[in-house]
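Just below is one structure, and these are the notes that go with it.
The values are calculated or read from the model by the stated rules, or taken from the named source; none is laboratory data. In this text the structure is predicted, and so the values were computed from the model without any measurement. With ideal geometry, Cβ positions are generated from the backbone for all residues, glycine too; neighbour counts draw on all protein chains shown. Surface accessibility is based on the protein's heavy atoms, side chains included, excluding ligands, DNA and RNA. Shrake-Rupley method; radii C 1.70, N 1.55, O 1.52, S 1.80 Å.
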Amino acid sequence: QVQLVESGGGLVQVGESLRLSCAASGTILSINAMGWYRQAPGKQRELVATITTRGDTNYADSVKGRFSISRDNAKNTAYLQMNSLKPEDTAVYYCSAMRVLVVGKGIADYWGQGTQVTVSS
């Protein structure tokens with residue numbers, strides 16, 4: 001069983017920063033990539049950023065230059081540093097671990113339960 005636990009969400013003002021964390025636990029042998037997605041009310045879930053094991057990153061155009069994803073492979077943990085936050089960043093942020101190799105279970109993708117980020121103007 002793999003669990004992803006997100007933390008760091010909250011209510012901030014426009015222009016402020018937040019740092020999200022996502023820790024994966026379980027009998028994990030490897031995680032190919034980790035990422036952050038978000039879903040605003042009435043909208044589809046969208047990609048925010050991803051990072052591979054070797055550190056290759058990918059960002060949504062809307063967050064480039066403001067958000068930074070990082071990862072600690074030894075701890076199976078990913079981080080999302082969010083700077084210069086805008087009201088349109090308000091959403092539930094979900095962590096994803098992709099192509100996770102688990103002892104006795106093969107490869108699968110996993111999702112966290114989400115953490116709310118609210119940016120107030």
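Could you list, in sequence order, the residues of the range 63-89 that are more than 15 Å from the chain's Cα centre (by Cα) and within 19 Å of residue 117 (Cα to Cα)?
Within the range 63-89, 65, 84, 85, 86, 87, 88 meet the criteria.
When you scan the range 52-79, how many residues do you find that are within 29 Å of residue 29 (Cβ to Cβ) and either in a loop (DSSP other than H, G, I, E, B) or basic (Lys, Arg) (or both)?
Matching residues across the range 52-79 total 7.
Tell me, which residue of the range 27-44 that is of a type in the set (Gly, Ala, Ser) and in a strand (DSSP E or B) is most open to solvent (accessible area, probe 1.4 Å)? Break it down into steps so the answer makes sense when it comes.
Initial filter on the range 27-44 (of a type in the set (Gly, Ala, Ser)): 30, 33, 35, 40, 42.
Those left that are additionally in a strand (DSSP E or B): 30, 33, 35.
Numbers: 30: 52, 33: 11, 35: 0 Å².
Result: 30.
Identify all residues within the range 80-98 that are of a type in the set (S, T, N, Q) and either exposed (fewer than 15 other Cβ atoms within 10 Å of the Cβ) or not in a loop (DSSP other than H, G, I, E, B) (or both); write none if there are none. Walk me through how you get there before you give the answer.
Here is the first cut: in the range 80-98, the residues of a type in the set (S, T, N, Q) are 81, 83-84, 90, 96.
Of everything in the range 80-98, those that are of a type in the set (S, T, N, Q) and either exposed (fewer than 15 other Cβ atoms within 10 Å of the Cβ) or not in a loop (DSSP other than H, G, I, E, B) (or both) turn out to be 81, 83, 84, 96.
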